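A.B. asks: Below: one structure in structure tokens.
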Amino acid sequence: MAKKRRETRDTDGLSVAQEEVKANASNSKVLKEIQHSAGGSARMSLLILVSIFTCSASVMYLVYRNFPELSDDEMEKIKIPKDMDDAKALGTVLSKYKDTYYTQVLVAYFATYVFLQTFAIPGSIFLSILSGYLYPFPLALFLVCLCSGLGASFCYMLSYLVGRPVVYRYLTERAQKWSQQVDKHRNHLINYIIFLRITPFLPNWFINITSPVINVPLGVFFIGTFLGVAPPSFVAINAEEAAAETRVEPVTSPQQLICWLIPTSPLPRLRNMQRSLKLLRIHLVGGGGIAKHSSTTKMHAVVGCS
């Protein structure tokens, strides 16, 4: 009996060891398949992204080719503005042709803005300023909000289709932290997206490419972006007029523009926004609402001062 029991134990131990070996081999095989699949997925994603960008660039070229005939000097000014001087020069040329070729100018502006937003290319802030040159304020504001919402949504969809490997590989930690914040604000997600668009806590490109990964609905994302870009766009559209009234030096870079817009904005109490945002940032990082009485008192004091 004892001998049979020992044989049974040995047999059971051997079978358990064999199962462990098989399980390890199976796990190793699965990991290899996942790694191979991820590599293939990344390559396919890159190929799709390049194809989409090429098609979009071709559309932009067609829009450019269908533009009215311009002189050589005017042709040099038709480019994506990199500073205020470029925006002024481009606005001067487009204003000359806007009445005669209204549709072409509008389509070119719309397509360029959406293209820049879709592929996170710098320069859209100067296009927002340019809209103030070309159109009445209500139309300019609606156009900027619509282009921003559509461009960001296209970037969202690109990330959903082909950008996940990039987010998983390079932005995992930041995406996880933001996912925790999104979960805390899941019940009022539109308000949270609007807040992020108004404030400089997270780069817009980061919001665009990580939102589909952390399950932010596209409809909520579009509405939050459309409404959230309105306040800064309000300032940008009126930038030239405000600059003339305050007699400031010309702005020649996006960094100078951002620093200049806050203190010269026509919005009430906007000059105190920077200090308010610092306090809000502390509470955002800490999570949850404003719990400490001292912090609440400080924030009310900052927002309330004139």
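A short reminder: the numbers here are calculations on the coordinates, not readings from a lab. The structure displayed is predicted, hence computed values, not measured ones. Note that each Cβ is placed from the backbone with ideal geometry, even for glycine, and that neighbours are counted across all protein chains shown.
A.B. asks: In the stretch 114-136, is there at least one residue being buried (at least 19 other Cβ atoms within 10 Å of the Cβ) and over 25 Å from Asp83 (Cα atoms)?
C.D. replies: no
A.B. asks: Report, by residue number, each residue of the stretch 48-78 that is more than 22 Å from the chain's Cα centre (by Cα), exposed (fewer than 12 other Cβ atoms within 10 Å of the Cβ) and free of Cβ contacts under 8 Å to residues at least 12 places away in the same chain.
C.D. replies: Ser58, Tyr61, Leu62, Arg65, Glu69, Ser71, Asp72, Asp73, Glu76 - these are the residues of the stretch 48-78 that are more than 22 Å from the chain's Cα centre (by Cα), exposed (fewer than 12 other Cβ atoms within 10 Å of the Cβ) and free of Cβ contacts under 8 Å to residues at least 12 places away in the same chain.
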